[in-house]
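Structure record follows, encoded as structure tokens.
The values are calculated or read from the model by the stated rules, or taken from the named source; none is laboratory data. Here the structure is a predicted model, which is why all the values come from computation and not from measurement. Positions of Cβ are generated from backbone atoms using ideal geometry, with glycine treated the same way; all protein chains shown enter the neighbour counts.
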Amino acid sequence: MTAPVLLRDVAIHPEFLSRAEQERLVADLRDCLRVAPLVTPVTPRGQKMSVAMSAAGRFGWVTDRKGYRYEERHPSGAPWPPIPDRVLAIWEAVSGSAQRPECCLINWYGEGARMGLHQDRDEADFSHPVVSISLGDDALFRIGNDRRGGKTESIWLKSGDVAVMGGAARLRFHGVDRIRFGSSTLLPKGGRINLTLRVVR
């Protein structure tokens with residue numbers, strides 16, 4: 001494994017996954033989504049998000065008028081599917097954590113979708129990193145500080161890239177300003193899948 005690129009303490013592994021590995025991963029995720037279909041959530045303020053979401057693992061992260069939280073079941077009431085072994089292998093290769101993730105959040109970005117700057121802080125123990133896997137169209141990933149405001153920096157994440165937010169980067173604000181729709185042929189109809197792996201408890 002080549003040395004990662006560091007941007008504001010976020011370790012980015014460019015082209016970590018080959019095209020064939022990406023295709024196998026997408027097939028695994030399609031199996032997950034048959035069990036737990038994508039939903040378009042709303043924020044606690046009632047604002048509809050532009051990103052569709054699902055999850056795998058013991059927990060899924062959800063948002064609705066009740067707030068942001070982890071739940072053990074899909075909004076349909078069904079349990080989340082298990083995290084695919086290929087996804088767990090990526091965590092084991094880059095996370096540096098002895099504990100396996102309990103949540104794999106599956107975000108799908110269509111044309112025009114974005115994700116505002118936010119922190120991942122609904123977990124109990126911030127000593128474990130968040131691992132992000134990019135599949136499909138390029139995404140402009142913005143990284144800020146551990147408090148709102150101040151200077152930010154951005155980088156284009158491409159299909160097969162893996163980013164690790166741990167240590168000093170664990171609570172940095174981050175988001176996706178936009179995707180370059182149609183920049184990848186991995187997903188037949190375009191768009192981007194982002195996986196984020198987290199230890200919840």
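Cβ-Cβ distance below 7 Å, separation of 6 or more or different chains: which pairs start in the stretch 165-187 with a residue that is under 12 Å from Phe141 (Cβ atoms) and end on one that is in a loop (DSSP other than H, G, I, E, B) and of a type in the set (A, V, I, L, M)?
Ile179/Ala113
Which of the residues spanning the stretch 81-96 are outside any loop (DSSP other than H, G, I, E, B) and of a type outside the set (D, E, K, R)?
Selection gives Val87, Leu88, Ala89, Ile90, Trp91, Ala93, Val94.
Filtering the stretch 62-97 down to residues that are among the hydrophobic types (A, V, I, L, M, F, W, C) and more than 27 Å from Ser18 (Cβ to Cβ), which residue is modelled with the highest pLDDT?
Among them, the one singled out is Trp80.
State whether the residues of the stretch 4-22 include one that is among the small types (Gly, Ala, Ser), part of a strand (DSSP E or B) and under 12 Å from Leu195 (Cβ atoms).
no
Restricting attention to the stretch 142-162, and to residues there that are within 14 Å of Ile193 (Cβ to Cβ) and either at pLDDT below 95 or not in a loop (DSSP other than H, G, I, E, B) (or both), which single residue is nearest to the chain's Cα centre (by Cα)? Even if it seems obvious, please write down each step before you answer.
Restricting attention to the stretch 142-162, the residues satisfying the condition of being within 14 Å of Ile193 (Cβ to Cβ) are 157-162.
Pick out the ones that are also either at pLDDT below 95 or not in a loop (DSSP other than H, G, I, E, B) (or both) and you get 157, 162.
Values: Leu157: 12, Val162: 10 Å.
Filtering the stretch 142-162 for residues that are within 14 Å of Ile193 (Cβ to Cβ) and either at pLDDT below 95 or not in a loop (DSSP other than H, G, I, E, B) (or both), the one nearest to the chain's Cα centre (by Cα) comes out as Val162.
How do the pairs read when you match residues in the stretch 62-80 that are outside any strand (DSSP E or B) with residues anywhere that are surrounded by fewer than 11 Cβ atoms within 10 Å (Cβ to Cβ) and at pLDDT below 95, using Cβ under 8 Å and keeping only pairs 6 or more apart or on different chains?
Short answer, once both residue conditions are applied: Arg65/Gly46.
Can you tell me which residue within the stretch 39-61, out of those that are surrounded by 14 or more Cβ atoms within 10 Å (Cβ to Cβ), polar (S, T, N, Q) and out of contact with any helix residue (DSSP H, G or I) (no Cβ under 8 Å at 6 or more places or on another chain), is modelled with the highest pLDDT?
Within the stretch 39-61, the match that is modelled with the highest pLDDT is Ser50.
Any idea which residue in the stretch 120-142 is surrounded by the most Cβ atoms within 10 Å (Cβ to Cβ), counting only those that are in contact with a strand residue (DSSP E or B) (Cβ under 8 Å, 6 or more places away or on another chain) and within 12 Å of Met165 (Cβ to Cβ)?
Val131
Of all residues being in a loop (DSSP other than H, G, I, E, B) and within 12 Å of Val176 (Cβ to Cβ) in the stretch 111-141, which is farthest from the chain's Cα centre (by Cα)? Just the residue, please.
Here the residue is Gly112.
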